[in-house]
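Student: Before I ask anything, let me first share the structure, which is written out below as structure tokens.
The values are calculated or read from the model by the stated rules, or taken from the named source; none is laboratory data. Because the structure is a prediction, the values reported are computed rather than measured. Here the Cβ positions follow ideal geometry from the backbone for every residue, glycine too, while neighbour counts run over all protein chains shown. When the accessible area is computed, the model is the full protein with side chains, heavy atoms only, and any ligands, DNA or RNA have been set aside. Shrake-Rupley method; radii C 1.70, N 1.55, O 1.52, S 1.80 Å.
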Amino acid sequence: MSVSGKQPFGWQGQALHVNLSTGTIHSQPIPGEWLSNYLGGRGLGVRMMRDYYRLDPFDPDMPLIFAVGPLCGTAAPTAARLAVVSRSPLTNTIYDCSAGGRFAYRLKQAGYDALVVTGTSSRPVALNITADGARLDDATLLWGEPVSATVRAFANASSVAAIGPAGENGVLYASIMMSEGNAVGRGGLGAVMGHKKLKAITVKGDRKTRVADPDRLRLAQQDIMRLFRASPVIFGELGIAEYGTPALVDLMAQRRMAPTDNFRKTLFANSSNYSGPAIRKHFAARKDGCYACPIQCKKSTPQGEHLPEYETVSHFGALNRIDDLHTIVKANTLCNEMGLDTITAAATLAAWGEIRGEFPTATELGELLAAIAHRNGDGDLLALGSRRMAQQLGHPEVAMAVKSLELPAYDPRGAYGMALAYCTSNRGGCHLRAYPISHEILRKPVATDRFSFAGKARIIKIAEDSNAVIDSLVACKFSFFGASLEEYAEALSAVTGHDYSPQELKRIGERIYLTERFYNIENGFADTDDILPERFFTEEGSSGDGISINPIDRTRFLEERRKYYRIRGLDDHGRFTDSDFLGQQP
């Protein structure tokens, strides 16, 4: 097995462990069995959490894990990414969040597949990592600074990961920002970093990733690129390479599934104000993206201001009834500077707006976001996220969240696979765990009936396993609008020297998914958490143009959820039948 050697092909074979309580730093080999059976990124992080998943997210011993994948640092497309893994203070679930930029590539060049941060510093610090070692520096003068000022303070670093005031102040949905503008956005892992008093991490390195068969990798890379170019979703006239993810704004409006008025409606008449073409027209958007990525789906202004993605424009837009594009762009920039997750911030404001009978106005938005980041005034309550905020105000029914994670910008009444996937997601109401929008809306790889539950249990299970693999490689999900696990299995085999089949990768994905669910069940989660907010079962969306957006049939939903549990090998309530599940895993 190639991973048993001195330095395995594909991996560096080392993790950097940093204890902020004691100030100790050391490198430690990662067992080859972990690498081959969990790959990297999300999977490796989940495996590393086995001894810690019961800890409170703010316990000093709780690890904050940054993990890259075996394809990072090679010619395999879209793999210069990493996953950050810990336990979420927002959801209390096991949590991973992926980000691009250059940080992952530099961490691998520094000689590490993973960075494991534990402990809590007595003062603000910055962690500086190079191929020659790592050190902790005082960062007291940076505490309170926004992300851009923090990044500028480390101008000599190749890449920086930093938190803003939101992470410092314990906002439960604080993000970790990369110096290139990418965000570890969801789940509040920036608050975990802030609780440890870790303001920033810098990385620089020059080590190569060993590739077992460069010629085989070159052919795999060519196959992947050929499929990218053939994909209308990626490189089509209206694809994400041209307009970024806001290309979805008009499509979701046409399908009448754009969450509006805190999910009370599913159509916002003025959504075209912030569509992909509108952003290009008003901001002269240029292509931007992750290190060496051929897609370049991110967009920025000629001055370098990062422009918002689909979820952000839709939730600051339709969900809060704001149709001014410049206000939405400013809100996105402010969230990046403060280190706030845009989806949860916008959804929490929308729920608060429904409770008080008045959504935030365009002129109020900036002040409210700053108040959240600094936990001033109403911001202190809003910093808790929609579920806790709504409960404290006596209206838990207005929180549009699953497992306390606010739903993104796909109304589940318009896509029943999405309805099921929101609920079975281990990290909460997330669209990316199974991404059924791919087949229910974008018709990739084949179209399915979006208003039917038939067959969705098995489809969601397979997609969750596949996406667990993608998150562990760590490749961009947009790649799979063109390529498939077959092409990435070939690239992984070329890099590592071990022949991985798509079926073997799916078994790895299943192991990762079930491990996460086991952690959650052990921490008290149950089938009562695998459910949508009541609104989606009792209220209609915005029907019209021959499309009916009806309430979801609860009986049919629960029937399909039971099917899903059985396909997973769980009992009818989603529980494990073998209490020694973890003991049987590598």
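Student: On the protein heavy atoms, probe 1.4 angstrom, tell me the percent of accessible surface of the chain carried by carbon and sulfur. Intermediate values should be presented prior to the final figure.
Tutor: Working: 9620 of 20390 Å².
C and S fraction of accessible area: 47 percent.
Student: Here is a follow-up. Subtracting the Cα-Cα distance from 0.36 nm times the residue separation, let me have the gained length for His26 to Gln7 in nm, one decimal.
Tutor: On the way: separation 19, 0.36 × 19 = 6.84 nm, distance 1.76 nm.
So the extension gain works out to 5.1 nm.
Student: Using Stokes-Einstein with the Kirkwood hydrodynamic radius over Cα pairs, what translational diffusion coefficient do you get for the stretch 132-219 at 20 °C and a viscosity of 1.002 mPa s, in µm²/s rounded to a whole number?
Tutor: D = 149 µm²/s.
Student: In nm, what is the difference between 0.36 nm times the number of residues separating Thr301 and Arg226 and their Cα-Cα distance? Write down the numbers at each step before the final one.
Tutor: On the way: separation 75, 0.36 × 75 = 27.00 nm, distance 2.93 nm.
In short, 24.1 nm is gained.
Student: Apply the a/c threshold of 1.5 to the C-alpha gyration tensor of the stretch 443-586 and tell me whether it is rounded, prolate or oblate. If you can, show how the numbers build up before the last one.
Tutor: Numbers: a/c = 2.66, a/b = 1.31, b/c = 2.03.
Cα axes put the stretch 443-586 in the oblate bin.
Student: Can I ask one more? For Asp215 and Arg443 in the same chain, what is the full-extension length gain: residue separation times 0.36 nm, less their Cα-Cα distance, in nm? Let's see the in-between values first.
Tutor: Values: separation 228, 0.36 × 228 = 82.08 nm, distance 3.34 nm.
Going from the current span to full extension adds 78.7 nm.
Student: Still on this structure, please answer the following. What is the diffusion coefficient of the stretch 146-191 in µm²/s, taking the Kirkwood radius over Cα pairs and the Stokes-Einstein relation at 37 °C with a viscosity of 0.692 mPa s?
Tutor: Details: Rh = 10.4 Å.
Reported coefficient: 315 µm²/s.
Student: Cβ neighbours within 10 Å, averaged per peptide: list 271-279, 158-166 in order, most packed at the top. Present the calculation step by step, with values, prior to reporting the outcome.
Tutor: Working: 271-279: 20.9, 158-166: 27.3.
Put in order of decreasing packing, that is 158-166, 271-279.
Student: Rounded to the nearest 20 Debye, what is the dipole magnitude of the chain about its Cα centre when Lys and Arg each give +1 and Asp and Glu each give -1 at the C-beta?
Tutor: Details: 65 positive and 65 negative charges, 198 e Å.
Roughly 960 debye for the chain.
Student: Using the eigenvalues of the Cα gyration tensor, what equivalent ellipsoid semi-axes result for the stretch 318-476 when each is taken as the square root of five times the eigenvalue, whole Å, largest first?
Tutor: Values: eigenvalues 194, 56, 47 Å².
The three semi-axes for the stretch 318-476 are 31, 17, 15 Å.
Student: Same structure again: Taking only the C-alpha atoms, wrap a convex hull around the stretch 208-341 and report its volume per residue in Å³ as a whole number.
Tutor: Working: hull volume 19.3 nm³, N = 134.
Cα-based convex hull of the stretch 208-341, divided per residue, equals 144 Å³.
Student: Let me ask another. Evaluate the relative contact order of the chain (contact order divided by residue number), counting alpha-carbon pairs under 8 angstrom at least 6 apart; express in whole percent. Mind showing how you got there, number by number?
Tutor: Numbers: 1383 pairs, mean separation 92.3, N = 586.
Across the chain, relative contact order equals 16 percent.
Student: Would you calculate the separation in nanometres between label points at Asn523 and His395, each defined as 7 Å from the Cα along the Cα-to-beta-carbon direction?
Tutor: According to this spin-label approximation, the distance is 2.9 nm.
Student: What is the ratio of the Cα radius of gyration of the stretch 1-131 to 2.2 N^0.38 Å, where N is its residue count, to two decimals?
Tutor: Values: Rg = 14.3 Å, N = 131, 2.2 N^0.38 = 14.0 Å.
Cα-based Rg divided by the globular estimate yields 1.02.
Student: Label Lys208 and Ile567 with points 7 Å out from Cα along Cα→Cβ: what is the distance between them in nm?
Tutor: Reported label-point gap for Lys208 and Ile567 is 4.4 nm.
Student: Among 72-84, 340-352, 468-480, how do they line up from the highest to the lowest mean number of other beta-carbon atoms within 10 Å? Present the calculation step by step, with values, prior to reporting the outcome.
Tutor: Working: 72-84: 27.3, 340-352: 29.2, 468-480: 25.8.
Descending mean neighbour count gives 340-352, 72-84, 468-480.
Student: Can you pull out the cysteines in the chain that have no other Cys Cβ under 4.7 Å?
Tutor: Cys72, Cys97, Cys297, Cys335, Cys423, Cys430, Cys476
Student: Could you order peptides 539-545, 510-516 by the average number of other Cβ atoms within 10 Å of their residues, highest first? Show your work: numbers first, answer last.
Tutor: Numbers: 539-545: 15.9, 510-516: 23.4.
Sorting 539-545, 510-516 by mean packing, highest first, produces 510-516, 539-545.
Student: Round to the nearest 0.05 the FRET efficiency obtained for Arg135 and Asp61 when R0 = 22 Å and r is the Cβ-Cβ distance.
Tutor: Working: r = 22 Å, r/R0 = 1.01.
Given R0 = 22 Å and the Cβ-Cβ separation, E is 0.50.
Student: Counting pairwise Cα distances across the stretch 467-523, what percent come out greater than 19 angstrom? Before the final figure, lay out the partial values.
Tutor: Values: 512 of 1596 pairs.
So the pairs more than 19 Å apart make up 32 percent of the total in the stretch 467-523.
Student: Ratio to report: Rg/Rh of the chain, with Cα atoms as the point set and Rh obtained by the Kirkwood method; give two decimals. Could the numbers behind the result be given before it?
Tutor: Values: Rg = 22.1 Å, Rh = 23.6 Å.
Ratio value, two decimals: 0.94.
Student: Taking Rh as the Kirkwood radius, which is the inverse of the mean 1/r over Cα pairs, what is the Rg/Rh value for the stretch 203-283?
Tutor: Working: Rg = 19.6 Å, Rh = 16.0 Å.
Answer for the stretch 203-283: 1.23.
Student: Could you size up the charge dipole of the stretch 463-586 around its Cα centre, putting +1 on the beta carbon of Lys and Arg and -1 on that of Asp and Glu, and report it in debye to the nearest 20?
Tutor: On the way: 14 positive and 25 negative charges, 23 e Å.
With only Lys, Arg, Asp and Glu charged at Cβ, the dipole is about 100 debye.
Student: Using alpha-carbon positions, what is the distance between the centroids of the stretch 143-218 and the stretch 309-364, in Å?
Tutor: The two parts, judged by their Cα centres, are 24 Å apart.
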